[in-house]
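In what follows, a structure is listed as structure tokens, so that the remarks can point back to it.
The values are calculated or read from the model by the stated rules, or taken from the named source; none is laboratory data. Quantities reported herein were computed from a predicted structural model and do not represent experimental measurements. Here the Cβ is made from the backbone with ideal geometry for all residues, glycine too, and neighbour counts use every protein chain on show.
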Amino acid sequence: MPSPTHGTFIWCELMTSDMAAAAAFYGAVTGWSAKTIAMPGMEGEDYIIFDTRSGDEDCGVAGLMTIPPDMEGRVPPNWTGYVGVDDVDATVKLFEAEGGSVMKPPFEVPCVGRMAVVADPHGAVICIMTPQPMDNPPPMAPVGTPGTFGWNELYANDGREALAFYGKVFGWTLDQAMPMGEMGDYLIFAHHGRQIGGMMTRPPTVPVACWAYYINVPSIATAVETIKAGGGQVVFGPQDVPGGSVIVNAMDPQGAYFSLVGMA
């Protein structure tokens, strides 16, 4: 029986071509502060932790790293989500058994945990990790805090096929289906009863199956101005969504796709 944490989004990470420029851009757009640490297990490589402020504490919400040399030219700047699982090796086998694929087999990240990079049957890439137990885990910002990730969205080749797959590997369930006319249904999925994201059959404007991650911001209007001033590009929105929020989809100056959700 999976634990209550199996299938929980636990981290988001940006791989980019220019760490300093990306850190400055996202700091301006989201209010994140950046803290540089040594990359665990990789001598001479830096890793940036993005923090958001919650009360009197800084809470880590995302990571930033340079695209590794062996991936340059093959992988563009991109955001990737991490899902916590009880057993990475067992989940990798389940991904393969259900038609997914392994992009990078399970490996240890010193002092962090064991992880793998996988793709669903439609090719959407995601990371899975079994975190190493901690005696004193770092503080976590409450859900909805500005600067945290508030929504996870999958553009699939077929939304309902994708939901069936993720239901088997992560235990996600359909919360509700929202009709979108010719675009089909938007499938809001839940983890142990809490809504955590949505899936849809990708429109022709989205060339491949992929995940998108939404960052909470206090004001979409202010964020849009900051994106443009910082050399980024808004590619969709602002768009009102059910519940009174507004979203935008954008590209950062290095070409990584990201999304924001907040108030008008």
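Odds and ends about this structure:
- Pick from the range 185-219, criterion over 26 Å from TYR82 (Cβ atoms) and not polar (S, T, N, Q), ranking: modelled with the highest pLDDT: ASP185
- Any hit, the range 62-74, residues being surrounded by 16 or more Cβ atoms within 10 Å (Cβ to Cβ) and over 25 Å from MET103 (Cβ atoms): no
- Criterion applied to GLU108, GLU153 was being of a type outside the set (A, V, I, L, M, F, W, C), over 29 Å from ALA177 (Cα atoms) and in a strand (DSSP E or B), and the one residue passing it is GLU108.
- Extreme residue, farthest from VAL92 (Cα to Cα), among residues of the range 132-172 that are surrounded by 14 or more Cβ atoms within 10 Å (Cβ to Cβ) and polar (S, T, N, Q): THR145
- Only residues that are part of a loop (DSSP other than H, G, I, E, B) and over 23 Å from ALA209 (Cβ atoms) were counted in the range 51-67, giving 2.
- Within the range 248-264, the set of residues being over 17 Å from ASN78 (Cβ atoms) and either among the hydroxyl-bearing types (Ser, Thr, Tyr) or at pLDDT 95 or above (or both) comprises VAL248, VAL261.
- Here the condition is being crowded, with 21+ Cβ neighbours inside 10 Å and over 18 Å from the mean Cα position of the chain (by Cα); of ALA177, ALA223, it holds for ALA223 alone.
- Near pairs, Cβ below 6 angstrom, 6+ apart or cross-chain, from the range 1-18 (surrounded by 15 or more Cβ atoms within 10 Å (Cβ to Cβ)) to any residue that is β-branched (Val, Ile, Thr) and in a strand (DSSP E or B): PHE9/VAL83; GLU13/THR80
- Complete set of residues in the range 30-43 that are farther than 17 Å from ALA141 by Cβ and either at pLDDT 95 or above or not charged (D, E, K, R) (or both): THR36, ILE37, ALA38, MET39, PRO40, GLY41, MET42
- Residues that are outside the structural domain of PHE107 (by TED's automatic domain parsing), under 30 Å from GLY244 (Cβ atoms) and in contact (Cβ under 8 Å) with a residue 24 or more places away in the chain, drawn from the range 120-144: PRO139, MET140, ALA141, PRO142, GLY144
- Note on the range 123-140: among residues that are outside any strand (DSSP E or B) and within 16 Å of the chain's Cα centre (by Cα), the one that is nearest to GLY84 (Cα to Cα) is ALA124.
- Hits in the range 109-131 (condition: exposed (fewer than 15 other Cβ atoms within 10 Å of the Cβ) and closer than 20 Å to GLU96 by Cβ): GLY123
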